[in-house]
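The values are calculated or read from the model by the stated rules, or taken from the named source; none is laboratory data. Everything quoted here is computed from the prediction, not taken from an experiment. Backbone-built Cβ (ideal geometry, glycine too); neighbour counts: all protein chains shown. Ligands, DNA and RNA are stripped out before the accessible areas are found, and what is left, the full protein with its side chains, is counted by its heavy atoms. Shrake-Rupley method; radii C 1.70, N 1.55, O 1.52, S 1.80 Å.
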Amino acid sequence: MLVLGIETSCDETGLALYDSEKGLLADELFSQIDIHQDYGGVVPELASRDHADRVLPLLQNLLKNTDKSLDDIDLIAYTAGPGLKGCLLVGSTFARSLAYITDKPIISVNHIEAHLLAPFMEYPELSFPFFGLLISCLLYTSDA
């Protein structure tokens with residue numbers, strides 16, 4: 001099964017093709033760090049607009065670099081949360097549009113749960129129960 005993953009929860013636009021037999025085929029990522037740097041943090045409106053500008057070209061690069069087409073994709077997965085609402089909306093709208101025009105199934109993915117389950121992609125011998133730790137960091141700087 002070939003899965004297209006779409007991630008737009010915050011300040012990086014990420015797409016990947018994952019083959020259930022071969023593993024990760026390729027990924028495309030655009031970081032918005034330069035866009036937000038002058039503001040000292042992520043500006044949600046700028047992030048959303050940049051996702052909207054980047055997601056289609058990244059998909060085109062991904063398909064070209066893997067010699068795949070939309071017809072080859074069996075399933076579309078997208079990040080549904082948590083994240084910035086506008087950014088999530090861009091990803092879900094793009095994913096739903098692709099699913100509609102290609103008549104492919106679609107699933108939403110919880111970003112945090114995906115981090116916890118990602119090790120199974122590389123280590124399929126893992127089994128439940130297991131213990132995981134996720135740490136999120138917010139860096140705030142102020143000139144005041």
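Run through the DSSP bridge list for the chain and note the antiparallel percent, rounded to the nearest 5.
60 percent
Could you tell me how far the Cα centroid of region 1-27 sits from the Cα centroid of region 83-106, in Å?
Computed from Cα coordinates, the inter-centre distance equals 14 Å.
Give me a comma-separated list of calculated 3J(HN,Hα) values for region 100-112, in order, Karplus coefficients 6.51, -1.76, 1.60 applied at θ = phi - 60°, integers in Hz, x for any Gly or Pro.
With the stated coefficients, region 100-112 comes to 5, 6, 9, 6, 10, x, 9, 9, 9, 10, 7, 4, 5 Hz.
Would you mind counting up the charge near Asp27? Only other residues with Cβ under 12 Å from its Cβ, with Lys and Arg at +1 and Asp and Glu at -1.
Result for the local shell: -3.
To the nearest 10 degrees, how steeply does helix 44-66 sit against the main Cα axis of the chain, on a 0 to 90 scale?
30 degrees
Give the longest segment of the chain that steers clear of GluC sites (Glu not before Pro) in DSSP loops with at most 16 neighbouring Cβ atoms within 10 Å, not counting the sites themselves.
The answer is 22-124.
What list of ³J(HN,Hα) values in whole Hz, one per residue of region 75-84 in order, does the Karplus curve 6.51 cos²θ - 1.76 cosθ + 1.60 (θ = phi - 60°) give from phi, with Gly and Pro shown as x?
8, 10, 10, 9, 6, 9, x, x, x, 6
Please get the size of the charge dipole for the chain, origin at its Cα centre, with Cβ charges of +1 on Lys and Arg and -1 on Asp and Glu, quoted in debye to the nearest 20.
Approximately 320 debye in magnitude.
Could you do me a favour and compute the accessible area per residue for region 40-144, 1.4 Å probe, result in Å²?
Result: 71 Å² of accessible area for each residue.
At 0.36 nm per residue, minus the direct Cα-Cα distance, what do Tyr100 and Ile35 gain on full extension? Give it in nm, one decimal, please.
20.2 nm
Taking all protein chains as present, what is the carbon and sulfur share of the accessible area of the chain, in % to the nearest whole number, probe 1.4 Å?
Carbon-and-sulfur percentage of accessible area, whole number: 56.
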